Structure formats: structure tokens, C-alpha cells
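Reading through the C-alpha cells given below for one structure.
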Amino acid sequence: MIYEGDVYRPPSEADSLIIQLTIGCARNTCTFCGMYKRKQFRVRQLDEVIEDLHYVKKYYPYHFDRVFLADGDALIVKTPDIITILDKIYEIFPQCRRVTTYGAAKDVLMKSHEELCELRRHGLEMVYIGAESGSDKVLVDIDKRVTAAETIEACQKLKAAGIKVSMTLITGIGGRPDTKEHAIESAKLVTATKPEYLGLLTLHLEPDTPLTKDYMAGKFQMLTPYEYLQEQKLFLENVDSEGTVLRSNHASNYVALAGTLNRDREKMIAQLEFALKHGSLKSERYRRL
Ligand code: SF4
């Protein structure tokens, strides 16, 4: 099996078998994202994907119990085709306990409640939603082509079908002028959706992206490391999402937070205050997206 181009997965899928159901991202517009800019989007032939599964089974002695469907938004694939792949995964890897994927909110909204329930029944356990921000202004600025209301509806639809939601937000994505708006509106988004998991990333400029070009041209003002922490603190002070497991252990972050909302909110705020006061931030050398 040969992966096509660079392959990305969430940090929590480090031990998962990654299977490319699609190549690239169907949208590919987000100004900060360089992940799939060199790939032409396409849905792979199902027999190619099934061949990959057999290849892994035959040549890799490791017994994968988790599978992650890549690339950027595998939920765009027709529901019966996803079900075919889910069934094959559980047939070929009977020890498999969960299958997850990235999903765009608009792709979730294209599917009916019944389709999502079928996906859950066939073993789709969780969808990673890259919300990035709860601010519609920021979402327009970064050309995400989705509104906060659409993301809320998509998350509620997934949860109604029994599919867990893991959401990511990017600290600093609004730049300096919108730092407060981004923090507060993102807190409202999380409060409205109450995802099972929430990952906080920190903006890291990728080469050759529109956002990096804007930064180089002086059109985008990055936050300082301290301002990133202040933004995360403001977010935490405003969020109300009982039971959400929060992690900011991604390499891009200056301070690694880990806790369950709302129980550990004050502890995580205190951790940020401590870092702000004592300057205990991760070195730039160890940061990347
Ligand atoms: S952030 Fe997600 S939706 Fe946006 S271009 Fe990257 S992969 Fe595609």
C-alpha cells in the first residue's frame, strides 16, 4: 500500500491504521491550511481502498484496533460507499474497535438523520470537526465557507445519531484585532454543541498559504505567545460545556492543557495564569502543526 502524498491525522489517532478513502480536501480554501494544497481532490475507487485493507492485513503483523479514514473530509463520500468500507474494515480486522474520520460540517448536513444512524450502526464512532472558530467574521476571513450555526447544527445531528464529536479550534486564527471576538464566539460554539472532545491548537503559519502571505504583507497580525494564552484563558472563562474532554497537547501549543470541562476549568485557567506570570512556555523549536 502506498499513501498518496502527505497524510494527516489527529494526534489521538497516532496508533490507528490510516486508510485514504479520499485524496485531498474537496474544499481546500482555508487560508491557514497547507495540508492538501498539492493534491487534486478525488474520491478513491472502493476496490482500491479494499485492496489497501487486504494488503495491510497480509503484510503488517500489527493488529490494528482503530482505523482512521483520511484524507481531509471522507464524509463527503456517498453513505452506501462509506458503509461498504466500514463493513470491510470490521470484516478484515475483527479486532477493530472503532473507526473515525475528519468531517466537514456541510458534509454532515448533506446526510439525513437516518444515514448518520446507519453509519453509526456500521461502526463509525466519531467525527473530527475542524471548527477553527465560532466567529462568523473570522470564518469568512479564513475562507472556511461554513457558519458557526451550520457547525452547531452538524454537531447536534451527529450526536443525535450517536456519533461522537471531536472538535478543534485554532487559538489566534482571528489575529490580534479579533482575538476577543474569536475567544468569546468560540466559547459560545462549544457551549452550544458540547462536543465529547475538544482540541485547542495554536496558529502556526504554514509555508505558501494565503494567510502566511497576508502576514508577510503586513495584512495579518499574529498574536504574541502571551496573547495566545490570554485568548485561551478568555475562552475558558466563557465556555460552559459539561463533560467535554479538553486537550491542548498538540505540538502547536505553548502550554499543554488537559482536563474535563467544566470540572477542571479553574485548574486550566490557573495553569495559563501561571505560565503568563512565569513565562513557562514551550520553545518555538518544539512547536509545529
Ligand atoms: S482546514 Fe480542513 S476544510 Fe480547510 S482546507 Fe484544510 S483540510 Fe480542507
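A short reminder: the numbers here are calculations on the coordinates, not readings from a lab. Because the structure is predicted, anything quoted here is derived from the model rather than measured. Cβ coordinates were reconstructed from backbone atoms using ideal geometry, including for glycine residues, and neighbour counts include every protein chain displayed.
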0 to 90° range, to nearest 10: angle between helix 148-160 axis and the chain longest Cα axis | 50 degrees
Local electrostatic count at Asp107 - Lys and Arg +1, Asp and Glu -1, tallied over other residues with Cβ under 10 Å | +2
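Please work out the Kirkwood hydrodynamic radius for the range 70-220, using every pair of different C-alpha atoms, and report it in angstroms with one decimal place.
That comes to 16.4 Å for the range 70-220.
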Pick out, in residue order, every one of the trypsin sites (Lys or Arg not before Pro) in the range 7-57 that is DSSP loop and has at most 13 other C-beta atoms within 10 Å; say none if there are none.
-> Arg38
Of Lys37/Lys194; Lys37/Lys137; Lys159/Lys194; Lys106/Lys137; Lys137/Lys194; Lys37/Lys78, which sit over 20 Å apart, Cα to Cα?
-> Lys37/Lys194; Lys37/Lys137; Lys137/Lys194; Lys37/Lys78
Space enclosed by the convex hull of the alpha-carbon atoms of the range 11-149, per residue, Å³ = 111 Å³
Rg(Cα)/(2.2 N^0.38 Å) for the range 24-103, N = residue count | 1.19
Between 0 and 90°, nearest 10: helix 225-238 axis offset from the chain longest Cα axis = 80 degrees
Taking the range 228-269, which GluC sites (Glu not before Pro) meet the DSSP loop condition and have no more than 14 other C-beta atoms within 10 Å?
-> Glu242
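In terms of the ratio Rg/(2.2 N^0.38 Å) built on C-alpha atoms, what value belongs to the range 11-286?
Values: Rg = 19.0 Å, N = 276, 2.2 N^0.38 = 18.6 Å.
Ratio of Rg to 2.2 N^0.38 Å for the range 11-286: 1.02.
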Please give the helix 265-278 orientation as an angle from the longest Cα principal axis of the chain, in degrees from 0 to 90, rounded to the nearest 10.
-> 60 degrees
List the extent of the Cα atoms of the range 142-289 along each of their three principal axes, largest first, rounded to whole Å.
-> 44, 36, 24
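Scaled to the compact-protein estimate 2.2 N^0.38 Å, what is the alpha-carbon radius of gyration of the range 38-84, rounded to two decimal places? Spell out each step's value before the answer.
Numbers: Rg = 12.2 Å, N = 47, 2.2 N^0.38 = 9.5 Å.
Rounded to two decimals, the normalised Rg is 1.29.
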